[in-house]
Every structure is written in structure tokens, then in C-alpha cells.
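Since the structure comes first, as C-alpha cells, the remarks are kept for the end.
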Amino acid sequence: MLDPIIAFFHRVFSAVGRGVGLVVAGLLWPFLAAHGWYSRRTWLVRGPILLLLVLLIGLYGQFFWRTQVWYNFDPEFVQAYKFEERKRPAGQPIAEQPGACENSAIVSIVSDLTDANVNKNTWISSTLLYKIGFFGVDWDHTPFFDNKASFQRGVNQVARRMAIELVDNLGRVRGTSSINNDLQEARGNIQFDEGTWYFGTSPFGFKTPTPSFYRAAIRNWTKFNADLAACKAVFDPRADNLVQLLDRMASDLGSTSDILRRRSEEFNSGWFDTRADDRFWFAYGQLYGQYAVLRAAHADFVDVIRDRNLTAIWSEMEKQLQAALRIQPAIISNGSEDGWIMPTHLATMGFYILRVRSNMVELRSVLDR
């Protein structure tokens, strides 16, 4: 009685087995054919091919290491600066040390964030193998090897924003004084294209790679801070400058929130959304950088924050940023908001971004009164 049923399942599993065998054979055939061709060649042909394979294995091994190992990654790295111990705003004279002024915590943080991107780590976006992609497919369109690059670009977006604010507002007096040359050069250097390698085709020829420009920006910021500490430069920690700073940072978060919203609404592929990790880690890098900059801004604008009674709201904003930075999933999922198998990490990150942005808007409204 059970024989026909057993025979049916036997035929089904046999068919499945043959199908799997054909797929595996199809995948292995090019390698077997290449091995057969290679084994029939002389060493004059086999030697260069072997060297090329060893070179490729070495390059991709290095690429794997660079993209998977994150040096100096610590969402709470700013704690080591002990900014809470500062009693004077940036640029103010130090009474105990004639001829000395307080340097800028913001400039120190932006410089160190960029240093972590290009010196402590390799700047992934301009490396050759990242630019080549995965068999011609941009790494950003795959689920592999692109998280660190997206994180670095998120941090760099914060550095670029701060470079603009330092030139236009913070590093001069009420917009009527001359622009600081070091800050001006730093802004130009950090705005350089993120993906330039040593050679390119548009225009054709040798080029200065991206990390060289970012390292030049670090030198510019270091020079500015040294001049500021010697009272030879200007940092203007006024309330209206803090308003501008918060307004621009909130605007950047609003743009990122919209990117996360559109991706979350239009693509509900769960763990199979190959662009969800790019969006998540860019937003994470942006919050990582903004958290450090806001801790530094608290020190640079310490008088304004104290006089306007902003300490409680500012601390709440920092707590929201810390909560967002604790989200570090191993695999980024872009599932539906009511899904119970695949979570929605993009919506969760977007929620925290909106909370932080609302705190910034509240701080701005208090400062505007």
C-alpha cells in the first residue's frame, strides 16, 4: 500500500539530486576546463599565470583585511579627551598662562576623525579593488566588503560639514573678518572627491589620491589649532554661531532620515536587500561623527550652554546619540515594520535620527529666543 508513495518520493528526491548535480557541475565546469588547459601548457605559460593568481590572492587577501578590520572604532572614544573638564570656551585667553588661549575641541575632533579614516585605517573608497568592484558590479550594490567604506563616508560627511562651518562662521568674527587661510585650505582638501586612485581615465593620467588631500586637511586643522592655542587665530563661540551649527547638522540628519525612509518603504527584502547595509552604516558613521563633534561643541560653547540653561537638553541629545550607536547588528535587515522574522534596522536607525534631530531643533529654538 505504501509502495507507490515511497516510489513517488524516491523519484522526486532523485530528480532533485540530479538537478543539484547539474548545477554543481555547471559551476565547476569552467574551473575543471581551465585546470585541464593549464596542465597541458609549458612552464613558460604556466609560470606567469601562477604568479598572476598568487598576486590576485594576495591583493584580495589584503582587501579583505582592510575592509573587515576596523582600527580605532569606538563610539565612546571622545571620553578620552575629558572635554567636561574644560572651563573656558574655545579661543579665550588662559589667565594662568599669559599668551596662551584655549584651542578648539571641534577642530581636534574633526582632525582626529579624519586621521582615523585615512591613517589609522585605509580609506576604502579610493582603493583599486574597491573601484573595480565585484566582477564589474559596484561593491555598494553587493552585500560584501562595503560596510566600512559607507561608515567612513558617513564620518567624512560630518568632517566636510564642520570644515564649512569653521570657515564661514566659527573661525572668524561676525563674518566681517578675513577668512583663516588654514581653515580655507582644509575645506578645499576635505571636499576633494572620495574615490580618486593614483590613476584615472577622466581625465586620463596619473592623479593625487584622495587620502593625500585628507591628510593635508589634517595638517591644516592642526596648524589652525596651534595658532589658536597661541592666540594667533580666532574662534568665535557666540550663540548665533551655535544656532547655525545645530541648524546645519539637523539639516544633514533630515536628509539621511529621508534616505533611510525611502529605502525602508520601497524595499522590504529583509536580509536580502543588498543596499540596506550601505544606508545603515553611512547613517551610523554620520551619527558617530556628530556625537563626537557635539561633545566637543559642548566644550567650545561652554559659556553659551551654561548661560542659556541648555545642559539638560544637550545631555538628552547625547543620550539619544549613544543609544543609536549601540545598534551594531552583524547583518543589516530591511524588513517590514510589522515583520516578526526579519527586523527593520533602517527604520530603527531612522527613529533615533529623528529623536536626535528633534533635540537639535529644540536647542535651536531656545537659543533663538
Task: Whole-angstrom gap from the stretch 240-255 to the stretch 306-369, using each part's C-alpha centre - done: 15 Å
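Per residue, how big is the convex hull around the C-alpha atoms of the chain? Give it to me in cubic angstrom, could you? Present the calculation step by step, with values, prior to reporting the outcome.
Values: hull volume 74.5 nm³, N = 369.
Hull volume over Cα atoms, normalised by residue count, gives 202 Å³.
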TODO: Provide the solvent-accessible area of Phe272, counting protein heavy atoms only and rolling a 1.4 Å probe, rounded to the nearest 10 Å².
DONE: 150 Å²
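Just the accessible area per residue of the chain, please: how many Å² with a 1.4 Å probe? Provide the component values of the computation, followed by the final result.
On the way: 19620 Å² over 369 residues.
Heavy-atom accessible area per residue stands at 53 Å².
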Open item on the list: Tell me whether the stretch 101-200 comes out rounded, prolate or oblate; compute the Cα gyration tensor, take square roots of the eigenvalues as a ≥ b ≥ c, and use a/c under 1.5 as the rounded threshold.
Closed with: prolate
Task: Solvent exposure, largest accessible area first (probe 1.4 Å, DNA, RNA and ligands not counted), of Phe282, Phe151, Phe134 - done: Phe134, Phe282, Phe151
Task: Sites Ser365 and Glu96, calculated FRET efficiency, Cβ-Cβ separation with R0 41 Å, nearest 0.05 - done: 0.65
Open item on the list: Going by Cα centres, the stretch 98-124 and the stretch 125-163 are how many Å apart?
Closed with: 22 Å
- [ ] Just subtract the alpha-carbon distance of Tyr60 and Gln184 from 0.36 nm times their residue separation and send over the number in nm, one decimal.
- [x] 40.8 nm
Task: Average Cα contact separation per residue, the chain, under 8 Å, 6 or more apart, as relative contact order % - done: 20 percent
Open item on the list: With every protein chain left in place and a probe of 1.4 Å, what is the accessible surface of His141, to the nearest 10 Å²?
Closed with: 100 Å²
- [ ] Arrange the residues Phe64, Phe199, Phe280 by how much accessible surface each exposes, largest first, with a 1.4 angstrom probe.
- [x] Phe64, Phe199, Phe280
Task: Solvent-accessible surface (1.4 angstrom probe) belonging to Ser202, in square angstrom, nearest 10 - done: 110 Å²
Task: Calculated [θ] (222 nm, deg cm²/dmol) that DSSP helices of n ≥ 4 give over the chain, each run adding -39,500 (n - 2.57) - done: -21000 deg cm²/dmol
Open item on the list: Taking the 0 to 90 degree range and rounding to the nearest ten, how far is the long axis of helix 345-368 tilted relative to the main principal axis of the chain, both from C-alpha atoms?
Closed with: 10 degrees
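Work out the FRET efficiency for Gln79 and Lys207 from their Cβ-Cβ distance, taking R0 = 35 Å, and round it to the nearest 0.05. Can you show the working numbers first?
Working: r = 39 Å, r/R0 = 1.10.
Computed FRET efficiency for Gln79 and Lys207: 0.35.
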- [ ] May I ask for the angle, rounded to the nearest 10°, between helix 276-300 and the longest principal axis of the chain, with both axes built from Cα atoms and the value confined to 0 to 90°?
- [x] 20 degrees
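At 1.4 Å probe size, with the rest of the protein present, what percent of the exposed accessible area of the chain is carbon and sulfur atoms? Could the numbers behind the result be given before it?
Values: 11940 of 19620 Å².
After summing per-atom areas, the C and S share lands at 61 percent.
Which loop-located trypsin sites (Lys or Arg not before Pro) does the stretch 225-265 contain, where loop means any DSSP state but H, G, I, E or B and the Cβ has at most 14 other Cβ atoms within 10 Å?
Values: sites: Lys232, Arg238, Arg248, Arg261, Arg262, Arg263; in loops: Lys232, Arg238.
Within the stretch 225-265, the qualifying trypsin sites (Lys or Arg not before Pro) (loop, at most 14 other Cβ atoms within 10 Å) are Lys232.
Eight or more residues apart or on different chains, and alpha-carbon atoms under 16 Å: count the Lys pairs in the chain matching that.
Numbers: Lys120/Lys148; Lys131/Lys148; Lys131/Lys207; Lys223/Lys232.
Here the count comes out as 4.
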TODO: Mind pulling the angle between the C-alpha long axis of helix 210-229 and the longest principal axis of the chain? Nearest 10 degrees, somewhere in 0 to 90.
DONE: 20 degrees
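The values are calculated or read from the model by the stated rules, or taken from the named source; none is laboratory data. Here the structure is a predicted model, which is why all the values come from computation and not from measurement. As a convention, Cβ positions derive from the backbone with ideal geometry for all residues, glycine included, and neighbour counts pool all protein chains shown. Just the protein is used for accessible areas: all its heavy atoms, side chains included, with ligands, DNA and RNA removed. Shrake-Rupley method; radii C 1.70, N 1.55, O 1.52, S 1.80 Å.
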